[in-house]
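These notes are about the structure you will find just below.
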Amino acid sequence: MEYKEYKCSELLSPFVECYWSAHADKPPFREQESLIPDGTIELMFNFGDNYSQIKDGRKRVVKGSHIIGIRRESLRISQTNNQNLFSIRFKLGGIYPFLRIPVHSFANDFFELDMLMGNEYKEVEEKLFEAPTDQDRVDIADRYLLKKIYRKIPEDYAFVDKSLTMMVQNPTLDLKKLAEDVNSNYKTLEQKFETVVGLTPSGVLKIWRFNSSILSMYSCKFNSLTEVSYDCGYFDQSHFIREFRQLTNLTPREFLKEQFTIVQVIQPALALRLSKSYNL
């Protein structure tokens, strides 16, 4: 499999983490793979074979181009033969100014584009399909998104973006105190986060801890999972195991044994996201 990431226009960088492409002429992964909760949303243009979501032991084909909503738990997939993907990976809350649909309404699942975007995506999908190179696809995606973002930024997005910045600057900040600092109350703060991000503020912190623990476990810098748990902000190892199981249906030790290929592929992007976006 050939996987590459590309930078977006600087004007889009507050919203878009990167574009990426993946090409393969045979199944690139093992029979089942895991898409972990990482705080991103993918606008996925699929020009290869369809793949399947595995849920409750059953397979459901994910047809054509689609959006992978914000993940509150891991999603299992099974990849087929020919892979030709081009994806727009949105930062936490980054898709909201473009779609202006409450993000919690399309969370933790795969959604066909016409369900969320009507027919407007078809023109850009056709241009991306006909583009001779991935760099041409990057240019097409930039132009498409820049046209949509020229509208006024929604007030809810600006509110949540300010709140997230404060959470980054002080990860131990009490969330009720955060609400006060942005002249709000916690219920309103939760509602706005659910609308813009698809997660509550506490859910965001949970995802940040989890992603930090993934990197720590793969870094081999720690002698034990107990050390990982304390370094990543968990109260104790039982707290670490409980939240990890909620997000992956596996314990940290079981997760490491699985050695998911996708998790290993996205590690550099994950490290960059944590260091530059979350500062954990």
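Any read-out appearing in this document is the output of simple, stated calculations on the displayed coordinates, not a laboratory observation. Keep in mind the model is a prediction, meaning the values are calculated, not measured. Methodologically, a virtual Cβ is constructed for each residue, glycine included, from the backbone with ideal geometry; neighbour enumeration extends over all protein chains shown.
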Here region 174-189 yields Karplus 3J(HN,Hα) values (6.51, -1.76, 1.60; θ = phi - 60°; whole Hz; Gly and Pro given as x) of 4, 5, 5, 5, 4, 4, 5, 5, 9, 6, 9, 10, 5, 4, 5, 4
Which peptide among 126-132, 97-103 comes first, and what is the full order, when sorted by highest mean count of other Cβ atoms within 10 Å?
-> 97-103, 126-132
Sites GLU130 and MET1, calculated FRET efficiency, Cβ-Cβ separation with R0 22 Å, nearest 0.05 | 0.45
For the peptides 231-239, 211-219, what is the packing order when you average, over each peptide's residues, the other Cβ atoms within 10 Å and list the highest mean first?
-> 211-219, 231-239
Packing-based ranking, highest mean first, of 56-68, 192-204 given that Cβ atoms within 10 Å are counted = 192-204, 56-68
Which whole-Hz ³J(HN,Hα) couplings does region 248-260 yield from phi under the Karplus relation 6.51 cos²θ - 1.76 cosθ + 1.60, θ = phi - 60°, glycine and proline marked x?
-> 10, 6, 9, 6, x, 5, 5, 4, 4, 5, 5, 6, 4
Taking only DSSP H segments of four or more residues, each worth -39500 (n - 2.57), what value at 222 nm results for the chain once the sum is divided by all its residues, to the nearest 500 deg cm²/dmol?
-> -13000 deg cm²/dmol
Cα-based count: Lys pairs in region 111-190 below 25 Å, eight or more positions apart or different chains?
-> 13
Relative contact order, percent, of the chain when contacts are C-alpha pairs under 8 Å separated by at least 6 residues?
-> 19
With label points built 7 Å along Cα→Cβ from the Cα atoms of LYS177 and ASP139, find their separation and express it in nm.
-> 5.1
Along the dipole axis of region 74-146 (charges at Cβ: +1 for Lys and Arg, -1 for Asp and Glu; origin at the Cα centre), the most positive-end residue among PHE110, ILE140, GLY93 is GLY93
Please work out, to two decimal places, the log10 of the ratio I(q)/I(0) at q = 0.12, 0.14, 0.16 Å⁻¹ from a Debye calculation in which every Cα of the chain carries one identical scatterer.
-> -0.78, -1.07, -1.39
Any of LYS26/LYS91; LYS26/LYS59; LYS63/LYS257 with alpha carbons more than 22 Å apart? Name them for me.
-> LYS26/LYS91; LYS63/LYS257
To the nearest 20 debye, region 1-160 has a Cα-centred charge dipole, built from +1 on Lys and Arg Cβ and -1 on Asp and Glu Cβ, of 360
Shape metrics for region 116-155, restricted to C-alpha atoms - Rg then Dmax, Å | 11.8, 39
Check: region 179-280 dipole with +1 on Lys, Arg Cβ and -1 on Asp, Glu Cβ, in debye | 220
Given unit charges at Cβ for Lys, Arg (+) and Asp, Glu (-), the dipole magnitude of region 1-92 about its Cα centre in debye, nearest 20, is 340
